[in-house]
Each structure stands twice: as C-alpha cells, then as structure tokens.
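J.: Dropping the structure in here first, questions after.
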Amino acid sequence: MKNPWKTLSNKQVYDNPWITVSHRDVITPGDTKGIYGLVHFKNIAVGILPLDKDGNTWIVGQYRYTLEEYSWEIPEGGCEIGENPLDAAKRELKEETGIIAQKWTKILDLNTSNSVTDEIGVAYIAERLEFGEAEPEDSEDLIVRKLPFKELVEMTMRGEIKDALSICTILKANLLLNASNQV
C-alpha cells in the first residue's frame, strides 16, 4: 500500500546510545499540515519465555525508572541492529536468569508502540533448560522468580504483568501451548 504521509522536514532533537528522537513537519493523509515526533530505537527488543518440562517458567522483577514502579516481566533485552536476535535472546536469558536453553522457538514479531516509535520486538520460547548463575548488568537489580506458567497467564489476565512484549509473548505462548496440550 502506498504511503499517504509526506515528510516536509526531519530534525533530530535528541540522541543517545539507545534512541534518537526526531521532529517532523508533515502533510497528513487528509492533506493537512501537521507535526510528528518519532522515537527511533537503535536496538531490537528480544523477549524469552523459558519453559521446563513440568510447565514452570521464570520471570524477572525490576524497578522501571520510566514508570516509577516495579515491574514483573519475561526475561528481555536489546539486540543490536545487525545482530542475530536469537543470539541476543540466548545472551539475555543467561545474563538475567542464569538459564541456558537447548531448544528455541520463535513465536512473535511485533511493533511495540507504532504510533510514536519504530521499535520492533521478537520473542522466543526457550526449552530444555540448564541452570547456572545469572550475570545481570550493573544497571540491573533483578529478582528472578520461578512459577508455573499457568500462574503467569493468570497474573497477566489480572493486569499484574503490564509490559507489552511480556503480555504478547505470554498470551501467544498460552494459545500455542494449549493448542498442542503441552501446558
């Protein structure tokens, strides 16, 4: 489909190692002048749902500065553009939980918030798990929690999981696993 938007100007107003923010003067699809702000992410978001043979999973909790609240999420991290997202997912799972998985299944591609950002995310189910020591980054103060996957689905449905990549991954995995009667 043809792009109905026309960009008249594009000015970068902020840049750091993770994002660039730009201000754009545009002609809208309704043929009126307007403005648009775009947050460009320099990484791909990767999320991992680890599952053991007994139907358990692991989530991580951390205080999110942007929200000023504590958040429970699936293990997640950033994948540099050009890096293989699966390699980044393996690294993030080990880093945040100490888990190494032998089986990986990609289940999701998504746009995280397509009205203001071009960020994309991918998610995997990780299985056949081995356990070691977590190696969180200096900026992370994580709590790792083991729980039955069914309990995680219930937490999501009650609104206790609010992270978009986590919600989408958990609910899609639930549908896929119920369809195959694995959980």
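The values are calculated or read from the model by the stated rules, or taken from the named source; none is laboratory data. As the structure is a prediction and not an experimental result, all values here were calculated from the model. We place every Cβ from the backbone using ideal geometry, glycine too, and count neighbours over all the protein chains shown.
J.: Give the residues of segment 109-132 that are part of a loop (DSSP other than H, G, I, E, B), in contact with a helix residue (DSSP H, G or I) (Cβ under 9 Å, 6 or more places away or on another chain) and free of Cβ contacts under 8 Å to residues at least 40 places away in the same chain, sorted by residue number. Step through it out loud before you land on a result.
T.: Our first condition is that a residue be part of a loop (DSSP other than H, G, I, E, B); within segment 109-132, this holds for 112-116, 118-119, 132.
With the extra rule that they be in contact with a helix residue (DSSP H, G or I) (Cβ under 9 Å, 6 or more places away or on another chain), the set shrinks to 112-113, 132.
132 - this is the single residue of segment 109-132 that is part of a loop (DSSP other than H, G, I, E, B), in contact with a helix residue (DSSP H, G or I) (Cβ under 9 Å, 6 or more places away or on another chain) and free of Cβ contacts under 8 Å to residues at least 40 places away in the same chain.
J.: For segment 140-162, does any single residue satisfy the condition of being exposed (fewer than 12 other Cβ atoms within 10 Å of the Cβ), farther than 21 Å from residue 103 by Cβ and at pLDDT below 95?
T.: yes
J.: Would you call residue 164 more than 17 Å from residue 50 (Cβ to Cβ), in contact (Cβ under 8 Å) with a residue 12 or more places away in the chain, assigned by TED's automatic domain parsing to the domain that holds residue 60 and of a type in the set (Gly, Ala, Ser)?
T.: Details: more than 17 Å from residue 50 (Cβ to Cβ): yes; in contact (Cβ under 8 Å) with a residue 12 or more places away in the chain: yes; assigned by TED's automatic domain parsing to the domain that holds residue 60: yes; of a type in the set (Gly, Ala, Ser): yes.
In short, yes.
J.: Could I ask something else about it? Which number in (1) under 21 Å from residue 56 (Cβ atoms); (2) within 15 Å of the chain's Cα centre (by Cα); (3) at pLDDT 95 or above marks the one condition that residue 127 misses?
T.: (2)
J.: Based on what the data block shows, is residue 70 aromatic (Phe, Trp, Tyr) and assigned by TED's automatic domain parsing to the domain that holds residue 164? Please lay out each step first, then the result.
T.: Working: aromatic (Phe, Trp, Tyr): yes; assigned by TED's automatic domain parsing to the domain that holds residue 164: yes.
Here the answer is yes, as residue 70 does meet what is asked.
J.: Take residue 173 and decide whether it is assigned to a loop (DSSP other than H, G, I, E, B), surrounded by 12 or more Cβ atoms within 10 Å (Cβ to Cβ) and among the hydrophobic types (A, V, I, L, M, F, W, C).
T.: On the way: assigned to a loop (DSSP other than H, G, I, E, B): no; surrounded by 12 or more Cβ atoms within 10 Å (Cβ to Cβ): yes; among the hydrophobic types (A, V, I, L, M, F, W, C): yes.
It is false that residue 173 is assigned to a loop (DSSP other than H, G, I, E, B), surrounded by 12 or more Cβ atoms within 10 Å (Cβ to Cβ) and among the hydrophobic types (A, V, I, L, M, F, W, C).
J.: Here is a check on your reading of the model: is residue 106 of a type in the set (D, E, K, R), part of a strand (DSSP E or B) and closer than 21 Å to residue 175 by Cα? Break it down into steps so the answer makes sense when it comes.
T.: Details: of a type in the set (D, E, K, R): yes; part of a strand (DSSP E or B): yes; closer than 21 Å to residue 175 by Cα: yes.
Yes; evaluated as a whole, the condition is true for this residue.
J.: Which residue, of 9, 22, 71, is exposed (fewer than 13 other Cβ atoms within 10 Å of the Cβ) and in a strand (DSSP E or B)? Working first, answer last.
T.: Working: 22 fails: exposed (fewer than 13 other Cβ atoms within 10 Å of the Cβ); 71 fails: exposed (fewer than 13 other Cβ atoms within 10 Å of the Cβ).
Testing whether each residue is exposed (fewer than 13 other Cβ atoms within 10 Å of the Cβ) and in a strand (DSSP E or B) leaves just 9.
J.: Another question about this same structure. Out of segment 135-150, which residues are in contact (Cβ under 8 Å) with a residue 60 or more places away in the chain, part of a loop (DSSP other than H, G, I, E, B) and of a type outside the set (A, V, I, L, M, F, W, C)?
T.: Residues of segment 135-150 that are in contact (Cβ under 8 Å) with a residue 60 or more places away in the chain, as a first pass: 140-150.
This time we only want the ones that are part of a loop (DSSP other than H, G, I, E, B), so: 140-142.
Of everything in segment 135-150, those that are in contact (Cβ under 8 Å) with a residue 60 or more places away in the chain, part of a loop (DSSP other than H, G, I, E, B) and of a type outside the set (A, V, I, L, M, F, W, C) turn out to be 140, 141.
J.: To continue, here is another question. Counting just the residues of segment 88-103 that are outside any helix (DSSP H, G or I) and either aliphatic (A, V, I, L, M) or touching a helix residue (DSSP H, G or I) at 6+ places or on another chain (Cβ under 9 Å) (or both), which one comes out surrounded by the fewest Cβ atoms within 10 Å (Cβ to Cβ)?
T.: Residues of segment 88-103 that are outside any helix (DSSP H, G or I), as a first pass: 98-103.
Filter once more, so that each one left must be either aliphatic (A, V, I, L, M) or touching a helix residue (DSSP H, G or I) at 6+ places or on another chain (Cβ under 9 Å) (or both): 99-101.
Working: 99: 21, 100: 15, 101: 21.
Among them, the one singled out is 100.
J.: What tally of residues in segment 154-177 results from selecting those that are more than 17 Å from the chain's Cα centre (by Cα) and basic (Lys, Arg)?
T.: 1
J.: In this structure, does residue 135 turn out to be out of contact with any strand residue (DSSP E or B) (no Cβ under 9 Å at 6 or more places or on another chain), farther than 21 Å from residue 176 by Cα and either surrounded by 12 or more Cβ atoms within 10 Å (Cβ to Cβ) or outside the structural domain of residue 59 (by TED's automatic domain parsing) (or both)?
T.: On the way: out of contact with any strand residue (DSSP E or B) (no Cβ under 9 Å at 6 or more places or on another chain): yes; farther than 21 Å from residue 176 by Cα: yes; either surrounded by 12 or more Cβ atoms within 10 Å (Cβ to Cβ) or outside the structural domain of residue 59 (by TED's automatic domain parsing) (or both): yes.
Criteria met by residue 135.
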